[in-house]
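**Q** Supplied in structure tokens, the structure appears directly below.
Please treat every number below as a calculation from the coordinates, not as lab data. None of these values were measured; they are calculated from a predicted model. Note that we place each Cβ from the backbone using ideal geometry, even for glycine, and neighbour counts take in every protein chain shown.
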Amino acid sequence: MSVKIVQQAFGGPEVLEPMNADTPTVADLAPDEVLVAVAAAGVNPIDVMTREGGGMAAAGVITLPFTPGWDVAGTVEAIGSSVTGLTVGQRVLGLACFPKEGRAYAEYVIVPAEDVTATPDNLTNEQAGGLPMAAMTAWQAFTDTTRVGPDQRVLITGAGGGVGHLAVQIAHHLGAHVTAIASTGKHEWLRGLGADETIDYRDNEAVAALTDTVDVALNLAAGSRESALQSVRAGGTLIALGGGSEDLAAQAEQAGIRFAATHVHTQRDWLESVVELAAQGIIEPTVSEVFDLAEAAAAHRSVESGHSTGKIVLSTTRQS
């Protein structure tokens, strides 16, 4: 037997219930699947939204009952008959099946082999579990939704969060001048990650001084949409996560600004790109809190606080 988190109803964190389940075996695998003994699973804002009945539930992708979670890191326990390039005992990480049910909040999970790749030796299990969705979101924003390059000025709001702190590192790697907006206590850390300028989100004067100064703004904070828009020069790009209000898009169009939304999904080349950056030490996920798998509800409450630094992760081992 093994443990997984099962959600029988939409609602608050208390609906996340640890339950015993039969441990999957190689007989349960399709030819292109692998069984992963989970070491760590990242907890993302989309997990919270879906738990409440929004997110992927509202999109009709997720139905009850289900096991939450998409970010996964662990060890290959068994492989399907057609799988190549992975071996039993190998450490792997990935974004399982997103936006479909990933079932990562569990001690064991079956995933398509295409959705995982080898974990770099320089990442702990917890870091590996916190990397895929956040890093792939930032990578998509700056290399697919738009293309960030040298001499561009990039603004990131909510820069101290899971996506934000990796976006700072990726934009810096791509050669941009990076302005990060976050609470003052995170500024020194963000400068160490590559931010050229840091601004407290409560400093209205400093935020207003950004008006018409940046080429690309990635808005990751719900309360910063208007200021992020105002910061972008005509001809620049404002990026939001998963979509934005029609009125904001209309305002952007009126100002001559391109409005775009990232819709991250499981995509092999994005995963390989961010994992290679991590292997080279160019990006490194910061994990601020680690909860036991059975403490999934507490982990969701921490995400909901809106003040976490970097990533929050569930662990089945509490070991790296």
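**Q** If you take the square roots of the eigenvalues of the alpha-carbon gyration tensor of segment 29-171 and sort them as a ≥ b ≥ c, do you get rounded (a/c under 1.5), prolate (a/b over b/c) or oblate?
**A** Details: a/c = 2.01, a/b = 1.36, b/c = 1.48.
It comes out oblate by the Cα gyration axes.
**Q** Name the lysines eligible as straight-distance cross-link partners of Lys100: C-alpha to C-alpha under 25 Å, and not fewer than 8 places from it in the same chain.
**A** Result set, ordered by chain and number: Lys4, Lys311.
**Q** Right, another one. Can you give the Rg to Rh ratio of segment 227-271, both from alpha-carbon atoms, with Rh computed by the Kirkwood formula? Write out the running numbers ahead of the final one.
**A** Details: Rg = 12.3 Å, Rh = 11.3 Å.
Here the Rg-to-Rh quotient is 1.08.
**Q** Quick check on segment 146-215: take the gyration tensor over C-alpha atoms, sort the square-rooted eigenvalues as a ≥ b ≥ c, and tell me if it's rounded (a/c under 1.5), prolate or oblate.
**A** Oblate, because a/c is 1.5 or more while a/b does not exceed b/c.
**Q** Rounded to whole Hz and in sequence order, give me ³J(HN,Hα) for segment 31-37 from the Karplus expression 6.51 cos²θ - 1.76 cosθ + 1.60, θ = phi - 60°, writing x for Gly and Pro.
**A** Those phi angles translate into x, 9, 10, 10, 9, 10, 7 Hz.
**Q** Further question: Residue-wise, which Karplus ³J(HN,Hα) couplings in Hz belong to segment 45-61, taking 6.51 cos²θ - 1.76 cosθ + 1.60, θ = phi - 60°, and x for glycine or proline?
**A** Listing the rounded values in order: x, 5, 4, 5, 4, 5, 4, 7, x, x, x, 6, 5, 5, 6, x, 7 Hz.
**Q** Sticking with this structure for a sec: Rounded to the nearest 500 deg cm²/dmol, what is the calculated helix-only ellipticity per residue at 222 nm for the chain, with -39500 (n - 2.57) per DSSP H run of length n ≥ 4? It would help to have the intermediate numbers written out before the result.
**A** Working: 11 runs with 87 residues, N = 320.
It comes out at -7000 deg cm²/dmol, rounded to the nearest 500.
**Q** Right, another one. Let me know the shape class of the chain, please: from the alpha-carbon gyration tensor, a ≥ b ≥ c as square roots of the eigenvalues, rounded when a/c is under 1.5, otherwise prolate if a/b is greater than b/c, or oblate. Working shown, then result.
**A** Numbers: a/c = 1.92, a/b = 1.68, b/c = 1.14.
Prolate.
**Q** Now a separate question. If you line up the long axis of helix 268-279 against the longest principal axis of the chain, both from Cα atoms, how many degrees apart are they, to the nearest 10?
**A** Approximately 80 degrees, to the nearest 10.
**Q** Shifting gears a bit: Could you tell me the ratio Rg/Rh of segment 134-262? Both radii from Cα atoms, Rh via Kirkwood. Kindly include the intermediate steps, with their values, before the conclusion.
**A** On the way: Rg = 12.9 Å, Rh = 13.9 Å.
We get a ratio of 0.92 for segment 134-262.
**Q** Let me ask something else about it. With θ set to phi - 60°, apply the Karplus curve 6.51 cos²θ - 1.76 cosθ + 1.60 along segment 184-197 and write out the HN-Hα couplings as whole Hz, x wherever there is a Gly or Pro.
**A** Once rounded to whole Hz, the list reads 4, x, 9, 5, 4, 4, 5, 5, x, 8, x, 5, 7, 9.
**Q** Then there is this: Got the relative contact order for the chain handy, in percent, Cα pairs under 8 Å and 6 or more residues apart?
**A** 19 percent
**Q** Quick check for me: using +1 on Lys/Arg Cβ and -1 on Asp/Glu Cβ, what's the dipole size of segment 134-262 about its Cα centre, in debye to the nearest 20? Display every interim value, and only then the final one.
**A** Details: 8 positive and 14 negative charges, 53 e Å.
So the magnitude is around 260 debye.
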